[in-house]
Amino acid sequence: MNKLNDLHSDQMKTDRPDFHAGDTLDVHQRIVEGNKERIQIFTGVVIQVKGTGVGKTFTIRKISNGIGVERIFPLNSPFIDKIVRVKEGKVRQARIYYFRQRRGKSARIQEVRKRK
Amino acid sequence: MNFILGKKLGMASFFGPAGRAFPVTIVQAGPCKVVQVKTIEKDKYEAVQIGFEDQKEHRVNKPLTGHFKKAGVETKKHLREFRCSDSSGIEVGSEINVTMFHEGDNIAVTGTSKGKGFQGVVKRWGMHLQGASHGTHESHRGPGSIGMCAWPSRVWKGKRMPGRMGNDTVTIKNIEILKVIPEQNILFIKGSLPGAKNGILKIRKMEA
């Protein structure tokens, strides 16, 4: 598997920030419509990070107009312009599926306080 | 020459030039050496035999060692033959490498599929399941009827029945090469290929 990753190294994006489940991210995605290209930002909570190497993906959940929306992004996709880590969440699981059942006040994640 | 031997290394995803993600199989293809050229005069058919991956000489039996010595090629692990309509320009001992393949080329790949063991008709032939309930009695994955009655008083040849599945020679045609790394003899081939990792694959360019 390591050999496969070496062969692929040119496809890996090195500018992706380190993040894990519970974090809130801004995903700046490039959207091509005809000849025009624009940036759309998808903001939400990371539910899971899956896979390794080039095929690594992450799932982001947000509530849009009262409806839960989840998107799975390939981490190394060229369509992702950049990822900004807005909040670092404190969670105990690597995959916070229980977050889908939460509504309102209970659907909050404690933020990690950085020591100064 | 338009063929080579390869070894399946594994699968991964690959982002194409437009940014789309494709599943790819990564194959170590060659370098191979021509070990024998078979001709109509001598062998009654035309083919080229090529060897892939070096093997220590003491691991190769004596008749084969002599075969390699005759060709002036170091001992190889794998020997395969490719039929070819015109083998006139091909010299014994010459090297074959991935440089003849380019991005976007269509190829055919032959390999041995993974063995599945003794399987029933549902998995092996895609027959339908019988009911899980509604009075079905001890026959949920069976083949049903396998023939008629007094005529023909036997089962037709070739009737699909349970048996050994997989471990067959499988050829996949018209698949695309997405990337070539000539320095490392690597091919990125779109989609899946027959067989397990480290399996030997015969790769042939499709006729245009």
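Counting only heavy atoms of protein chains, what accessible area per residue, in Å², does region B:25-161 have with a probe of 1.4 Å?
Here the residues of region B:25-161 average 65 Å² of exposed surface.
Can you give the helix-only mean residue ellipticity at 222 nm for the protein assembly as shown, where every DSSP H stretch with n ≥ 4 adds -39500 (n - 2.57) and the sum goes over all residues, rounded to the nearest 500 deg cm²/dmol?
It lands at -2000 deg cm²/dmol.
Convex hull over the alpha-carbon atoms of region B:169-208: what's its volume per residue in Å³?
Considering the Cα atoms of region B:169-208, their hull volume per residue is 93 Å³.
Using Cα pairs under 8 angstrom and six or more residues apart, how large is the relative contact order of chain A, in percent?
That works out to 28 percent.
Which of B:Lys114/B:Lys179; A:Lys82/A:Lys105; B:Lys7/B:Lys179 have a Cα-Cα distance over 18 Å?
Pairs exceeding the cut-off: B:Lys114/B:Lys179; A:Lys82/A:Lys105.
Equivalent-ellipsoid semi-axes (√(5λ), Cα gyration tensor) for chain B, whole Å, largest first?
41, 25, 17
Using the per-residue mean of other Cβ atoms lying within 10 Å as a proxy for protection, in what order, highest first, do the peptides B:39-49, B:102-112 fall?
B:102-112, B:39-49
With the contact rule set at Cα under 8 Å and sequence spacing of 6 or more, what percent relative contact order holds for region B:1-63?
Normalised by residue count, the contact order of region B:1-63 is 27 percent.
Tell me the carbon and sulfur percent of the accessible area for the protein assembly as shown, rounded to whole percent, probe radius 1.4 Å.
49 percent
For the protein assembly as shown, what value does the Rg/Rh ratio take when both radii are computed over Cα atoms and Rh is the Kirkwood radius, given to two decimals?
Computed over Cα atoms, the ratio is 1.11.
Name all residues of region B:170-185 having a backbone nitrogen under 16 Å from the label point set 7 Å from the Cα of B:Met206 along its Cα→Cβ direction, giving them as ranges.
In region B:170-185, the label zone of B:Met206 (backbone N under 16 Å from the point 7 Å along Cα→Cβ) covers B:171-179.
Note down the relative contact order for region B:75-192 as a percent, whole number, built from C-alpha pairs under 8 angstrom at least six residues apart.
With pairs under 8 Å counted, the relative contact order is 36 percent.
Give a quick list of trypsin sites (Lys or Arg not before Pro) in region B:68-173 that DSSP marks as loop, anything other than H, G, I, E or B, with at most 11 other Cβ atoms within 10 Å.
The qualifying sites are B:Arg154, B:Lys157, B:Lys159.
Placing unit charges on C-beta atoms (Lys and Arg positive, Asp and Glu negative, everything else neutral), compute the dipole magnitude of the protein assembly as shown about its Cα centre in debye, rounded to 20.
The dipole magnitude comes to about 1900 debye.
Under 37 °C and 0.692 mPa s, how fast does chain A diffuse according to Stokes-Einstein, given a Kirkwood radius computed over C-alpha pairs? Answer in µm²/s, whole number.
Translational diffusion coefficient: 212 µm²/s.
Taking N as the number of residues in region B:106-145, what is its Cα Rg relative to 2.2 N^0.38 Å?
Cα Rg divided by the expected 2.2 N^0.38 Å: 1.78.
Compute the Cα gyration tensor for region B:24-108, then decide on rounded, prolate or oblate, letting a ≥ b ≥ c be the square roots of its eigenvalues: rounded whenever a/c is under 1.5, prolate when a/b is larger than b/c in the other cases, and oblate in all that remain.
It is oblate, given that a/c is not under 1.5 and a/b is not larger than b/c.
Would you kindly compute the Cα radius of gyration of region A:5-59 and its largest Cα-Cα separation (Dmax), both in Å?
Calculated on Cα positions, Rg and Dmax stand at 13.5, 36 Å.
Can you list the trypsin sites (Lys or Arg not before Pro) in region A:45-93 that are in a DSSP coil and have 12 or fewer other beta carbons within 10 angstrom?
A:Lys90, A:Arg92
So if each residue of separation counts as 0.36 nm, and I subtract the Cα-Cα distance between B:Glu53 and B:Lys69, what length gain in nm does that give?
4.2 nm
For the pairing of chain B with chain A, what total accessible surface becomes buried, with a 1.4 angstrom probe, in square angstrom to the nearest 100?
Summing both chains' loss of accessible area gives about 1200 Å².
Taking amide H atoms as placed 1.01 Å from N in the peptide plane, list the residues 5 or more away in sequence, or in a different chain, whose amide H sits under 5 Å from that of A:Asp23.
Hits under the 5 Å cutoff: A:Val46, A:Gly89.
Summarise the partner chain shielding of A:74-81 as one whole number: the mean count of Cβ atoms from other chains within 10 Å of each residue's Cβ.
Shielding by partners across A:74-81 averages 3.
Quote the charge dipole size of region A:23-116 about the Cα centre in Debye, to the nearest 20; the model charges only the Cβ of Lys and Arg (+1) and of Asp and Glu (-1).
640 debye
Could you list which residues have their amide H under 5 Å from that of B:Gly199, counting only those 5 or more apart in sequence or on another chain, with H placed in the peptide plane?
Close amide H contacts, sequence-distant or interchain: B:Lys8.
The values are calculated or read from the model by the stated rules, or taken from the named source; none is laboratory data. Keep in mind the model is a prediction, meaning the values are calculated, not measured. Counting neighbours? That spans all protein chains shown, and the Cβs are built from the backbone with ideal geometry, glycine included. Ligands, DNA and RNA are stripped out before the accessible areas are found, and what is left, the full protein with its side chains, is counted by its heavy atoms. Shrake-Rupley method; radii C 1.70, N 1.55, O 1.52, S 1.80 Å.
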